[in-house]
1. With 24 Å as the limit, write out which pairs from LYS105/LYS147; LYS112/LYS147; LYS79/LYS156 have Cα-Cα distances beyond it, or answer none.
2. So how much slack lies between ASP130 and GLN88, counting 0.36 nm per residue of separation and subtracting their Cα-Cα distance, in nm?
3. Just to verify a number: FRET efficiency for LEU97 and ASP73, C-beta to C-beta distance, R0 = 25 Å, to 0.05?
4. Identify the GluC sites (Glu not before Pro) of segment 61-146 meeting these criteria: DSSP loop state and at most 10 other C-beta atoms within 10 Å of the C-beta.
5. So how much slack lies between TYR142 and GLN172, counting 0.36 nm per residue of separation and subtracting their Cα-Cα distance, in nm?
6. Leaving ligands and nucleic acids out of the surface, order MET115, MET84, MET166 by accessible area at 1.4 Å, largest first.
7. Of the trypsin sites (Lys or Arg not before Pro) in segment 68-150, which ones lie in a loop per DSSP and count no more than 10 other C-beta atoms within 10 Å?
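The values are calculated or read from the model by the stated rules, or taken from the named source; none is laboratory data. Predicted model only: the values in this text are computed from it and were never measured. With ideal geometry, Cβ positions are generated from the backbone for all residues, glycine too; neighbour counts draw on all protein chains shown. Heavy atoms of the whole protein, side chains included, go into the accessibility calculation; ligands, DNA and RNA do not. Shrake-Rupley method; radii C 1.70, N 1.55, O 1.52, S 1.80 Å.
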Amino acid sequence: MRSRRSQLIVALIAAGCSVLLPLHSLAADSGDVRIHAEQSFDQLKQHTGQKDSSKAPAGLRHTVEDRNSYSPDQYLVGKGQGDMTKGQIVCQRVSELSARTDLAKQIRILVKEHMVDRARERTGREPEQDIELTREEIVQEYLQGVKIVDRQIDEKNKTCSATAVMPKSQIQPNPAPDRLEPTPAFIR
């Protein structure tokens, strides 16, 4: 009976070791993950530190000089603005996208207008007229060579702004449309 117990204990120990060994290798992998996370965090701190150094007056002067060195004959310049209510990072991203959109609007833009004119007559009352006008700007452009050359934060007004530039040589020629879109019928 004793030998059977000892065999059972040895079998349980062997089974336990076979279960724990893979867990040890997983722990080693989590150490690798931790090291990678720490490296990424250090890179993020360095990147944030570089942005903070650009807030210094000398850094601002440098970007403003860069922005003014782009000739309107050779470059398109777009400006964008964002709101700080969702945080500084989101504000900067929104202002950069807005600046790029401003650039794209200078290249090509589709403007649609839709007007509805309603006239209502009710028995015994004067006719009522209601005019609804909807205008829509559609911008769809692939941009190449765009650089954000200026970022500013206005703490007082809780806004941030960005300036984007793109060489005019990067503008693609406008392909001829296959067919013209029909003008919508005027409905009364």
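1. Numbers: LYS105/LYS147 16 Å; LYS112/LYS147 30 Å; LYS79/LYS156 19 Å.
Result: LYS112/LYS147 exceed 24 Å.
2. On the way: separation 42, 0.36 × 42 = 15.12 nm, distance 4.30 nm.
Length gained between ASP130 and GLN88: 10.8 nm.
3. Values: r = 26 Å, r/R0 = 1.04.
Efficiency computed from Cβ-Cβ geometry: 0.45.
4. Details: sites: GLU65, GLU96, GLU113, GLU121, GLU128, GLU132, GLU136, GLU137, GLU141; in loops: GLU121, GLU141.
Here the GluC sites (Glu not before Pro) that fit, given the DSSP loop and packing criteria, are GLU121.
5. Details: separation 30, 0.36 × 30 = 10.80 nm, distance 0.87 nm.
Roughly 9.9 nm would be gained on extension.
6. Working: MET115 80, MET84 35, MET166 0 Å².
Heavy-atom accessible area, descending, gives MET115, MET84, MET166.
7. Details: sites: LYS79, LYS86, ARG93, ARG100, LYS105, ARG108, LYS112, ARG118, ARG120, ARG122, ARG125, ARG135, LYS147; in loops: ARG108, ARG122, ARG125.
Answer in residue order: ARG122, ARG125.
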